[in-house]
Amino acid sequence: MDIRQLRYFVKVVELKNITTAAEALFIAQPSLSQHMANLESELGVTLLERSVHGTRATAIGELLYRHAKTILRQFEDTRSAIRQESESPSGRVAIGFPTSTSRILAAPLLARLQERYPLIELEMVEASSGDLTGQVAADRLALAVTMDARADSRLRIEPILEEELFVVVASSQKAPRAFGIEAFAKLPLLLPTHPNSVRVATERLLRDRQLKFRLVAETSAVEILILAVERGLGATVLPTAAFALAQQHGRVRGVPIKGRPLLRELSLSLSASAVHSPAVQCVRELLLQVIGEEIASKRWKGVRRFSGAG
């Protein structure tokens, strides 16, 4: 078992298809299949399940995958440190963003990274917060912005800020300057699909007040929520980062909730195995700088940074 075999194995697991993985690795498919067969023979276990639907890792294959990701990252970090100890850090860093947050952080982070650390290659993934936490814990991502993160031995969690959620209505709709909770509960609601943190916070608020609500539709696509609200099909709940551009263009507007605002906590979750990587630390530091700048410039509204964050 060598580094090349591990790299090949990781690519097959992630792409779930031998042919696709071979194309991505620029090797012949029969050669890749032979490498996988040799690896299974050497270890004496079945690592991959092959079917007409693709290739999946077995339970023992998933175990090897997690260890292989750690080994490959450590190998790259060591090689990078030896080769470029006094130069700019390099390597590939995978970072995850929830859909709403990606709209305000992804582009500025990429611009800053290209300016400061041009040898770092950034892979940006957009998914729900719950999915992102799982991907960081499984070493598929080095770090991610996550919502209401819970303690996990596989992660290092750094609370960053508290974000207010707003009731989003059509600009043409008459609405108060702030909704009472009872008035909010009477609105036809379009909400993000579970286990989205916005959905969880909204239902918790209404459940605590023992208020029923009418769910018109649910979707994980933020733009669908905004389009439906714009057409007067209902109201939704989102952070300002998700609807700021639509509000700027006069399509929708955000209205706060009186008395007890809806809040969620944003954290930076880092993989325990990646936390010491120089490239990962560079991305982390730039991300925290970008967050501070977006808040200071008031482009990111409705947020409060935790004391000492970053």
Nitroxide proxy distance, nm - points 7 Å out along Cα→Cβ at GLU62 and HIS194 = 2.1
Over all Cα pairs of segment 93-189, how is the pair count split among 10 Å bins, expressed in % and running from 0 up to the last occupied bin?
-> 13, 34, 27, 18, 8, 0
Around GLU293, with a cut-off of 11 angstrom between Cβ atoms, what is the net charge of the other residues, counting Lys and Arg +1 and Asp and Glu -1?
-> +2
Express the carbon and sulfur contribution to the solvent-accessible surface of segment 160-310 as a percent, rounded to the nearest whole number, probe 1.4 angstrom.
-> 52
Enter the angle in degrees (range 0 to 90, nearest 10) between the Cα long axis of helix 197-208 and the first principal axis of the Cα atoms of the chain, meaning the one along which they spread out most.
-> 40
Taking the reciprocal of mean 1/r across every pair of different Cα atoms in segment 197-245, the Kirkwood radius in Å is 11.9
What's the lysine pair count for the chain at a Cα cut-off below 23 Å, pairs eight or more apart or interchain?
-> 11
Check: C-alpha center segment 197-239 vs C-alpha center segment 8-52, spacing in Å is 43
Using 1/(1 + (r/R0)^6) with R0 = 35 angstrom and r between the beta carbons of LEU72 and LYS301, what's the FRET efficiency to the nearest 0.05?
-> 0.30
Where does segment 16-121 land on Rg(C-alpha)/(2.2 N^0.38 Å)?
-> 1.40
Please give, to one decimal in nm, the separation of the simple spin-label points placed at ARG116 and MET1, each 7 Å out from Cα toward the Cβ.
-> 3.7
Taking square-rooted eigenvalues a ≥ b ≥ c of the alpha carbon gyration tensor, is segment 198-310 rounded, prolate or oblate, where a/c under 1.5 means rounded and, failing that, a/b exceeding b/c means prolate?
-> prolate
One point scatterer per Cα, no solvent, Debye formula: log10 I(q)/I(0) for the chain at q = 0.07, 0.10, 0.15, 0.16 Å⁻¹ comes out as -0.35, -0.67, -1.16, -1.24
Expressed as an acute angle from 0 to 90° and rounded to the nearest 10, what is the orientation of the C-alpha long axis of helix 29-43 relative to the principal long axis of the chain?
-> 80
Helix-only mean residue ellipticity at 222 nm for the chain, each DSSP H run of n ≥ 4 adding -39500 (n - 2.57), per residue, nearest 500 | -14500 deg cm²/dmol
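Which number do you get for Rg(Cα) / (2.2 N^0.38 Å) in segment 142-233?
1.26
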Count charges around LEU266 for me, please; just the other residues with Cβ under 9 Å from its Cβ, Lys/Arg as +1, Asp/Glu as -1.
-> -3
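The values are calculated or read from the model by the stated rules, or taken from the named source; none is laboratory data. Bear in mind the structure is a predicted one, so any value in this text is a computation, not a measurement. Backbone-built Cβ (ideal geometry, glycine too); neighbour counts: all protein chains shown. Please note that ligands, DNA and RNA were not included when accessible areas were found on the heavy atoms of the full protein model with its side chains. Shrake-Rupley method; radii C 1.70, N 1.55, O 1.52, S 1.80 Å.
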